[in-house]
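Before any comments, here is the structure.
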Amino acid sequence: MANQIKSQTTITESGTYTLARDIQNGGGTRLSESFIRIEADDVVFDGNGSTITGNGVSDTAGIVVSDARDVTIKNVTLSRWDYGLRFESVRGGEVRNLRVHDNGYGVSLEDTNLVVLRENRVVQNLLGIVSDGASRVILWENEVENNGGDDVYRY
């Protein structure tokens with residue numbers, strides 16, 4: 001059975017998590033915070049087709065996955081964050097059916113290895129997909145266009 005997420009959360013245990021509803025104005029997220037932070041291995045986060053909208057505030061993120069293995073993010077829209085989706089030191093994972101728009105960075109992959117991005121729409125961000133120290137990233141059937149800077153940028 002999936003765990004329901006209704007408010008700002010840090011996930012520290014393996015399992016399946018679903019977003020219970022749309023989140024507006026960052027859901028109480030303050031400067032330098034993320035709405036959802038995942039710090040556990042073997043997590044599936046399903047946005048259930050919902051939207052997580054931020055406040056457009058600097059150094060915030062819709063979803064951050066940090067120091068984890070085998071994490072799947074799917075079926076969610078992220079907009080108006082500094083970082084829509086941020087993977088930091090992640091090994092193994094998948095990002096599927098994500099809609100990311102109107103963020104500073106649509107998808108950021110930092111020191112990340114073995115991640116598949118498929119069937120995502122990353123448009124109208126400052127930068128679309130940013131890779132910094134990431135390796136073995138597979139992009140498959142994504143729509144990445146009309147971002148202000150680069151659609152795909154590698155440091």
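Some notes on this structure:
- Test: residue in the stretch 21-30 that is out of contact with any helix residue (DSSP H, G or I) (no Cβ under 6 Å at 6 or more places or on another chain), buried (at least 16 other Cβ atoms within 10 Å of the Cβ) and closer than 19 Å to residue 109 by Cα: no
- Of everything in the stretch 77-118 that is of a type in the set (Gly, Ala, Ser) and within 21 Å of residue 21 (Cβ to Cβ), the residue that is surrounded by the fewest Cβ atoms within 10 Å (Cβ to Cβ) is 79.
- Contact map, the stretch 132-147: residues that are under 13 Å from residue 93 (Cβ atoms) and without any contact (Cβ under 8 Å) to a residue 60 or more places away in the chain paired with residues that are surrounded by 12 or more Cβ atoms within 10 Å (Cβ to Cβ) and among the charged types (D, E, K, R), Cβ distance under 6 Å, separation 6+ or inter-chain. No pairs are found.
- Within the stretch 1-49, being of a type in the set (Val, Ile, Thr) and touching a strand residue (DSSP E or B) at 6+ places or on another chain (Cβ under 7 Å) holds for 5, 9, 10, 11, 16, 18, 23, 29, 36, 38, 43, 44.
- Screening the stretch 20-77 for residues that are of a type in the set (Lys, Arg) and in a strand (DSSP E or B) and picking the one that is farthest from residue 93 (Cα to Cα) gives 37.
- If the condition is being of a type outside the set (Val, Ile, Thr), within 17 Å of residue 84 (Cα to Cα) and either within 14 Å of the chain's Cα centre (by Cα) or assigned to a strand (DSSP E or B) (or both), then the stretch 1-19 contributes only 19.
- Of the residues making up the stretch 56-76, those that are under 20 Å from residue 20 (Cα atoms) and not charged (D, E, K, R) are 61, 62, 63, 64, 65, 71, 72, 73, 75, 76.
- Answer residue from the stretch 119-148, given it is touching a Phe, Trp or Tyr at 6+ places or on another chain (Cβ under 9 Å) and of a type in the set (A, V, I, L, M) and is surrounded by the most Cβ atoms within 10 Å (Cβ to Cβ) among those: 129
- Cβ separations smaller than 8 Å between residues 6+ apart or across chains give the following pairs from the stretch 100-114 residues that are within 15 Å of residue 150 (Cα to Cα) and of a type in the set (Asp, Glu) to residues that are at pLDDT 95 or above and crowded, with 23+ Cβ neighbours inside 10 Å: 102/125.
- Test result for residue 100, under 12 Å from the mean Cα position of the chain (by Cα), of a type in the set (A, V, I, L, M, F, W, C) and either part of a strand (DSSP E or B) or within 19 Å of residue 53 (Cβ to Cβ) (or both): yes
The values are calculated or read from the model by the stated rules, or taken from the named source; none is laboratory data. Please read these numbers as outputs of a predicted model, since none were measured by experiment. Note that each Cβ is placed from the backbone with ideal geometry, even for glycine, and that neighbours are counted across all protein chains shown.
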